[in-house]
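The values are calculated or read from the model by the stated rules, or taken from the named source; none is laboratory data. Source: prediction; values computed, not measured. Note: ideal-geometry Cβ built from the backbone for every residue, glycine included; neighbour counts use all protein chains shown. Note: accessible area is taken over every heavy atom of the protein model, side chains too, but ligands, DNA and RNA are not part of it. Shrake-Rupley method; radii C 1.70, N 1.55, O 1.52, S 1.80 Å.
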Amino acid sequence: RWTEATVAERFATQVVQTPKAIAVRTPRSARSYGALDEQANGIAHALRARVNKSDGYAPRVGLLCRQDLLLPAGMLGILKAGCVWVPLDPSWPQARLQAIAVDAGLTAIVADYPHQSLAASLNVAVVDLDVPARLDAPDVTPNADDLACIIYTSGSTGKPKGVMQTHRGLLLQAMRYSQSLDIQAGDRLSLLSSYAYDAAIQDVFGALLNGATLCPLSVRDGETLAEQTALVKTLVDLSVTVVHATPSLY
């Protein structure tokens, strides 16, 4: 059953079934399920070498990167390491990033090259997102009820609050989304909102746990008509079949 496993276990099952299928596609590049799995393994091993489980809690690890090909590898790598994924949007003010780093108790941040200086300024260990791939995953065995991620609210009504999600809860959210849209392996799903928001779980794992293709794009509401027209062309060029967007952008 979907919810009687961890996210990493469910993804590993999909990798075995479709190792050569395209897992992630952008206008510039693509990555297969097998290659994505190996990249995530590399990140997981790099994390295991830098962080330790303390006080009985899985380490909380931030993810700070562009919304592109390496993004899902970062998510999966953190989970494969037995850590808790905490998304950090590079567009947020540094004060918000710092507050979340402290509140979540981050022990490390996985960051791509353009954002490693920003990650280092938050006073935690920094792990490179683009590490060498590995065939083997770490020997880590969390269970379905262990914490998988902490996603922070916008803070529009006060201090941002961390919403905790277990592996079981994350998989249930992805499963319901998959069933409601009848997502199949031939589908291509957009990721338009920031990966730091809860809706990204549906897009990322609705694709990657069904053998479909994730198409991450960096988009913000309030863009010009010309930019929105370019976005529509990109969605058509990528043959996206499921577009998930805010009402204003839609």
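Note on the stretch 22-121: with charges restricted to the Cβ of Lys and Arg (+1) and Asp and Glu (-1), its dipole about the Cα centre is near 120 debye. Pick from Val24, Val240, Val204 the residue whose mean-square fluctuation is largest in a GNM of the chain, springs joining Cα atoms under 10 Å. Largest GNM mean-square fluctuation: Val240. Pull out a ≥ b ≥ c, the square roots of the eigenvalues of the alpha-carbon gyration tensor of the stretch 38-109, then state rounded if a/c is under 1.5, prolate if not and a/b is larger than b/c, and oblate in the remaining case. Taking the square roots of the gyration eigenvalues as a ≥ b ≥ c, the stretch 38-109 is oblate. Note on the stretch 106-209: Cα-only Rg and Dmax are 16.2, 45 Å. Of Gln98, Ile183, Val124, whose Cα points farthest to the positive end of the dipole of the stretch 92-210 (charges on the beta-carbon: +1 Lys, Arg; -1 Asp, Glu; origin at the Cα centre)? Positive-most Cα among the choices belongs to Gln98. In terms of overall dimensions, the C-alpha atoms belonging to the stretch 134-183 reach 44, 31, 23 Å along their principal axes, ordered largest to smallest. The stretch 148-222 gives an Rg/Rh value of 1.01, both radii derived from C-alpha positions and Rh following Kirkwood.
About its Cα centre, the chain has a charge dipole of approximately 80 debye under the convention of +1 per Lys or Arg Cβ and -1 per Asp or Glu Cβ, with nothing else charged. Heavy-atom accessible area with a 1.4 Å probe sorts Val86, Val131, largest first, into Val131, Val86. Per residue, the Cα convex hull of the chain amounts to 127 Å³. For the chain, averaging the sequence separation of C-alpha pairs within contact (under 8 Å, six or more residues apart) and dividing by the residue count gives a relative contact order of 22 percent.
For the stretch 1-42, pairs of C-alpha atoms spaced more than 13 angstrom apart make up 55 percent of the total. Please grab the % of Cα pairs in the stretch 105-167 that end up more than 12 Å from each other. Result for the distance tail: 78 percent.
Under the simplified labelling scheme, the Gln228-Ala125 pair shows an inter-label distance of 4.6 nm, with each label point 7 Å from Cα along Cα→Cβ. Calculated translational diffusion coefficient of the stretch 163-202 (10 °C, 1.306 mPa s; Stokes-Einstein with Kirkwood radius over alpha-carbon pairs) equals 142 µm²/s.
If I build a Gaussian network model for the chain, linking alpha-carbon pairs within less than 10 angstrom, which residue out of Gln14, Gln165, Gln94 has the largest mean-square fluctuation? Its mean-square fluctuation being the largest, the pick is Gln94. The share of C-alpha pairs in the stretch 1-127 whose separation exceeds 19 Å stands at 50 percent. Through the Karplus equation 6.51 cos²θ - 1.76 cosθ + 1.60, θ set to phi - 60°, convert the phi angles of the stretch 23-29 into ³J(HN,Hα) values in whole Hz; use x for Gly and Pro. Here the 3J(HN,Hα) series is 8, 9, 9, 10, x, 10, 7 Hz. Please identify which residues in the stretch 3-23 have an amide N closer than 20 Å to a label point set 7 Å out from the Cα of Asp145, following the Cα→Cβ vector. The answer is 3-10, whose backbone nitrogens lie closer than 20 Å to the label point.
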